[in-house]
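Values in this text are rule-based calculations from the coordinates and carry no lab data. All values derive from a computational prediction rather than experimental measurement. Here Cβ is always computed from backbone atoms with ideal geometry, including for glycine, and neighbour counts include all displayed protein chains.
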Amino acid sequence: MSRRYLYLLSALVIMAVIASCAPVPTAPAPEAPAAAPASAEQPAAEGAPVTLTWGFWGSPEEKASHERVAEEYMKTHPNVKFEYFFAPWDEYFTTLKTRWAGDPASIPDVLFLWPTPSYAATGVLENLQPYIEKSGYDLSDYWPYLLDSARYEGSVYGLPRDIEAHALYYNKKLFDEAGLAYPTDDWTWDDLVAAAEKLTKRDGDRVTQYALGMEGGKWALWVGQAGGIMLDDLTNPSKCTLDTPEAMKGLQFFYDLMDKGYAMRSATLGQQGGDAAVFETGQVAMIIQNSSRVPVFNANSNLDYDVAAVPVMAGGKRYDFNGGAAWVISARSDNKEAAWEFLSWLQSKGGGESMYTRNGEIFPALRSVANSDDFLASPKPANRKAFLLAAEAAQPGGFAYFPEWDELSGSIIGPQLDRLWAGEATPAEVVPELCKAVNQFLVNNGYPK
């Protein structure tokens, strides 16, 4: 899915909530003690019958997977029943917007959301910090910085299910045909470019085989490796920093890959069905993507592939951006204790995290699951530890944590950088005006606070 498009959708949802709902309660302060559950709320452990509404987006196959997870939970919690709120991702947020505006009580008890801070700022989400502290739920098992993507004003409002953790997928057949050694975890940008020169095929001015397919929205990987970042502070920013030498170096590298014909342009990638489609059909020899492509590629018996760590700039650092959609609880839920018990099981080794991981659907947010047979036992791809290297290096930088980030990304940063990936302008031409617009946006919204 396009994260920038999701940002735009979620921004519309947030604006609708603010404009249409009754006055929104202030988010609980981080230091507030855990509130005693209302008398109408009975924890599942007490055996009272509970019906939880569970919301998520995805395909019919993903819905079936979620239902299997719920069935497993009900084996040990027979008093709990589930009703499902499900829609394809492009309809999911529109439907939530309608419910929040007209009937907030109909929002599911537990639901999947991104980006958590934007929703938490409107007061529609339950602060999970009191539940975490009361139950002793272990947050230390999450990858470094990951929970920052689900915090608001110091409190945790959601538990991320997974983390991006990108790797370089490569087609062994196309490497063999080019007489090239396979990529290793030690590859640098120079190694990537050298291989790209041999893997790219042309018929006159037309490229018939690209070396790389990579979504334009993943530009922060290169910027982060070069030591750059988009803003001076991801929570309370005062200025754009994409114009620093470090950030410009990362943007220029990605721009050059496309400009020289080594990497397929973003628009072409979309027109051809996305990175998975062009990789399976041999239109590109490599893609850079998270672990979500593994089940698709493993189902293709004709595709001989493996993965390696994303190449690193010589003298730079390994970097990946952290973050993932999170399970949250509605502030209007009548079953908050039961919802928390289910949510904490979802995010546990041996519970939902292990089930999703074994199914090949996620790279888990929990390090204990990622380092277990739940993730490592699958024979393909052989070098699954490449994803572990990415997760261990994950840091903030792919997105920001303040409520207006969706609007800033969707209306200014994303569209302006898309001009680079379309070949309409160079980084030197785009970035100065982009930063000027970002800085004005921050001023208009009262940043820094």
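In degrees from 0 to 90, rounded to the nearest 10, what is the angle of the helix 245-259 Cα long axis to the longest principal axis of the chain?
Long axis of 245-259 versus the principal axis of the chain: about 60 degrees.
At what distance in nm do the modelled label points of LYS201 and ALA87 sit from each other, each positioned 7 Å from its Cα along Cα→Cβ?
The two pseudo-label positions are separated by 4.4 nm.
Label 7 Å along Cα→Cβ of THR98; the range 53-78 residues with amide nitrogen under 20 Å?
Hits in the range 53-78 for THR98 at 20 Å: 53-60.
If you split all Cα-Cα distances of the range 227-281 into 10 Å bins from zero, what percentages do you get per bin, shortest first?
Values per bin, smallest distances first: 22, 32, 28, 18, 1.
Between GLU392 and GLN271, what is the label-to-label distance in nm when each label sits 7 Å out along the Cα-to-Cβ direction?
Output for this residue pair reads 4.2 nm.
Please go through the residue pairs LYS260/LYS317; LYS172/LYS380; LYS218/LYS349; LYS97/LYS218; LYS239/LYS317 and name each one whose alpha carbons sit more than 22 Å apart in this structure.
LYS260/LYS317; LYS218/LYS349; LYS97/LYS218; LYS239/LYS317
What FRET efficiency comes out for the pair LYS449/THR188, r = Cβ-Cβ distance, R0 = 41 Å, nearest 0.05?
With R0 = 41 Å, the Cβ-Cβ based efficiency is 0.55.
Given the chain, what percent of its DSSP beta bridges are antiparallel, to the nearest 5?
Taking every DSSP beta bridge with both residues in the chain, the antiparallel ones total about 55 percent.
Taking only Cα atoms, what is the 0 to 90° angle, nearest 10, from helix 427-444's long axis to the longest principal axis of the chain?
Tilt of helix 427-444: around 20 degrees.
Does the range 392-449 come out rounded, prolate or oblate, given a ≥ b ≥ c as the square roots of the eigenvalues of its C-alpha gyration tensor, rounded meaning a/c under 1.5 and, failing that, prolate meaning a/b above b/c?
Note, shape of the range 392-449 comes out oblate.
To the nearest 500 deg cm²/dmol, what mean residue ellipticity at 222 nm is calculated for the chain from DSSP H runs of n ≥ 4 alone, each contributing -39,500 (n - 2.57), summed and divided by the residues?
Dividing the helical sum by the residues of the chain leaves -11500 deg cm²/dmol.
Counting only residues 5 or more places away or on other chains, whose amide H sits under 5 Å from the amide H of ALA331 once H atoms are built in the peptide plane?
For ALA331, whose amide H was placed from the backbone, the distant partners under 5 Å are LEU125, GLU126.
For the chain, take the longest principal axis of its alpha carbons; what is the angle in degrees between that and the long axis of helix 189-199, to the nearest 10 within 0 to 90?
Tilt of helix 189-199: around 60 degrees.
How big is the charge dipole of the chain about its Cα centre, in debye rounded to the nearest 20, if each Lys and Arg gets +1 on its Cβ and each Asp and Glu gets -1 on its Cβ?
Dipole about the Cα centre, nearest 20: 360 debye.
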